[in-house]
Each structure stands twice: as structure tokens, then as C-alpha cells.
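One structure is given below, encoded as C-alpha cells.
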Amino acid sequence: MASHAEITASLRAFQSGYSKNKRLKIMNRDWDRVVLVKAEDIESEHTLILKDGELSLMEGNNGRADLIVAADSETLADMFYGDITPTEPYMNGTLKITGSEDDIVRLDFISLMIWGE
Amino acid sequence: MKRVVSVSLGSSRRDHRVEVELLGEKFEISRRGTDGDFDKALALLKELDGRVDAIGLGGIDVFLYAGKKRYAVEDGLKLMAAVKKTPVVDGSGLKNTLERETVYYLREHTDLLPPGVKVLMVSAVDRFGMAEALNELGCEVTFGDLIFSAGIPYPIRTIGELEEIAARILPEMVKLPFHMLYPTGKKQDSQDEEKVQKYGHYYQEARVIAGDYHLVRRYMPGLTGQTIVTNTTTAADVDFLREKGAGCLVTTTPEFQGRSFGTNVMEGVMVALLHKPWAEITPGEYLDLLKRLNFKPRILPLA
């Protein structure tokens, strides 16, 4: 089980990876979304905000999520650190993403562009 | 008579059946769509296994290519694994040969592909041979893989960048359900109006639009005489392209009774003619057989 602080640290690593990737920012210029990241086994919520290609992170839930990413704390931390890809936990049901299929593919894509080979 | 059946995840509205004679052998070629129903496709494949001479998988790619790397689509592999006795193909082997040759043919025999012409390939990883040939001949190619398959408005301009992005994302993306990456079933009968508005300008900026017909169709805006290089077109598709303002249709596979078949079907026919396991057939053997069959691209002026 990962702690809230570990999930926060993993999301900061994800945000840092995103921010260093100029091409990814260009790719997401049109994709303004609020993503709620919610742990299912501990009290932990974070909000990722994508606006004009920039990604920001806040702790807690701002109540305006377009997409909800929910999993156990360990899976969330592993995923945002890039130790695992989202595809496998998504396909086996460990990771649940609520939102449109296009948005789910887009989120998967961002993660792969940051952490992919 | 040899029987080749294409089992497709696409719309059953496109089903058809023809009889043709090729190199002295009679063939019955048919296409059976399952309207995006994966389980129905699996059941049909099992039913046909051992009862026909070759099976083509349509509406899905089993193998995607970028550079020397090959990526296997998991849903495609599941369909392939359902067939134990009959040779089963997805068209990727033939595409690599036939579609390269189509590009060379157009350069040599027509004025449709002059050096520097702007080409939009709606998707390149499903027909990398065509992408490489267009690039080799000095066309100015925009690869729309991210735009049209992932909804990301980022035109890829070089083969190198295509390979690099593919290496990052495809090893994982191929594990997703195929319908998340490609229009299957009823989606093939309609246009995505929001994306037509958003991404239509990529079509209008090009003089040649190449690639998978269902992607080409789904996002096509009004055109101004562009050439479309694709296959699997029906008579209704020709009318659609004409209404949209396309100037010319080039199909990479030959026309039988008004219909250009998918490469999976043609590859099935070739496997049945070659009497060899699919995995053992070389590009040279496909090329040789294409010459013997005298297959040439069909060029249909629409204006």
C-alpha cells in the first residue's frame, strides 16, 4: 500500500516529466481537462488540470472532473512513477477510468509519451 | 472451386460475394461483416475453420509496422488464434508489397504523384510500405496516425518521428480493445462530424489522401479534386467520394464486379494459389505472383 504522500510524489514526477516534454505540450494544446486521481484503499485524492497544454497538480478534489482515475494506492503510485503502464491495470480492471473512450486513449497516450521506451 | 472468406469486424452492409478465375483456378470470394461484434467474429472464424481454403481478417489489423519493428494487436491475435486448420491472414504481408508497387506505378505511369506533392496518410502504421514508398519518392507526407486514431492534432512529418512515437506508444496501445483505436461496426457507416470540422483542413491542404478507407471516409470534409489512394471501396463509396469532391480514386487491389477488395482478401487468394504456409511466403513471391496475375491499381477519374 502506498501513502498519500507517495502518490503525491508520483504525480509530481509525472507532472515534471510532462512539463519537460515540449512536444507533448503542443500535442495537448487543445485538450483542456480536469482529471481526478482517487485511491480506493486509502483517503487520497488529487486533481490534475490540463489547460492550454500545461499540466498542474493540486491535492484534493475540485469537483469538476472530466475524467476519474481510480485504483488502489500502490497501482496509482506505480503508474504515475512510470513503473507500470496504465494499459495492463486498465485491461484487468485494477485501474478504472471514468470518461469518454477518446479521453481514456488520450490519457494513456500522455503516460506512454512520458514514460514509454 | 477454392473458397476464400473475409471475416470482418466491419459493417455487414458491405457484405458481398463474387466468383472469379485466377491463373486457371476458380475462386469464390466472399466478405462477412460482424458489425463490430468480436464474439460473433470469433464464432464465425471457428465455424469456417477447415471448411474454406483461406480466411482473411478484415476490419482489424493484426500487425502494425514502423521501421523494422512489428507490433501485434492483441485483439487481432485472438481472432487469428481461433483458426487452427485454415490459413488465416490479415493482409499485412501483401500490403507491404502491393502498396509500395502502387506508389511506384503511380509515379511511373501517371501524373498523380509528382515529386513534392502534398500527401495526407490518414494512418501509416497499418501500411508502412506505402508510407516508405511515398517518402522515398520525395512526396511531402503528413502522417495522420495521431490525429485520426488518437484525436491528437499533431501531424507527424517524417518517417523518423513516426517510428520514434510508434516505439513509445504502440507496444502498449496494441493491448487496448481494437474498437478504441479504429472505427468498427456501425461507426464505419457514418462520419464523425466534430472531427471533420476539427481536422478536415488536413485533407484540404493535401492533393493526395492515402490510407485505410474507413478512416479516410470517417473524417473527410468537402474536397477540391484530391486523389484518394485506398481500397475496399464499394459502388456506394465511389458515389460518396464523388459527392465530396474527390478528383480521382486509386485502389490498390483489383476490382471484381464493382468492388475493390481488402488486402486481407487478396492475400488469402494468394496464399491459396501459392500452396504455402503464410509465414513462409516472401515479399518476392508476392511480387512475382502479382506480376503473373497482372494486378494493377485501378484508377478511376471521379470529376
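Quick look at the numbers
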quantity	calculated
Residue check for residue A:114: among the β-branched types (Val, Ile, Thr) and surrounded by fewer than 18 Cβ atoms within 10 Å (Cβ to Cβ)	no
2 or more residues modelled with pLDDT of 95 or more, over 22 Å from the mean Cα position of the chain (by Cα) and outside the structural domain of residue B:247 (by TED's automatic domain parsing): qualifying helices (runs of 4 or more DSSP H) within segment B:35-126	B:38-48
Matching residues in segment B:5-27 - criterion: being more than 14 Å from residue B:293 (Cβ to Cβ) and in a strand (DSSP E or B)	B:5, B:6, B:7, B:8, B:10, B:16, B:17, B:18, B:19, B:26
Filtered residues of segment B:198-216 (kept if under 20 Å from the mean Cα position of the chain (by Cα) and among the basic types (Lys, Arg))	B:207
Failed criterion for residue B:169 (all others in (1) touching a residue at least 40 places away in the same chain (Cβ under 8 Å); (2) assigned by TED's automatic domain parsing to the domain that holds residue B:206 hold)	(1)
From B:162, B:181, B:215, residue being within 12 Å of chain A (Cβ to nearest Cβ) and within 23 Å of residue B:70 (Cβ to Cβ)	B:181
Where residue B:58 falls short, out of the listed (1) of a type in the set (Gly, Ala, Ser); (2) crowded, with 18+ Cβ neighbours inside 10 Å; (3) free of Cβ contacts under 8 Å to residues at least 60 places away in the same chain	(3)
Within segment B:257-301, considering residues that are among the basic types (Lys, Arg), touching a residue at least 40 places away in the same chain (Cβ under 8 Å) and not in a helix (DSSP H, G or I), the one surrounded by the most Cβ atoms within 10 Å (Cβ to Cβ)	B:259
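The values are calculated or read from the model by the stated rules, or taken from the named source; none is laboratory data. Computed from a prediction, not measured in an experiment: that's the story for all the values here. Glycine also receives a Cβ, built like all others from the backbone with ideal geometry; neighbour counts cover every protein chain displayed.
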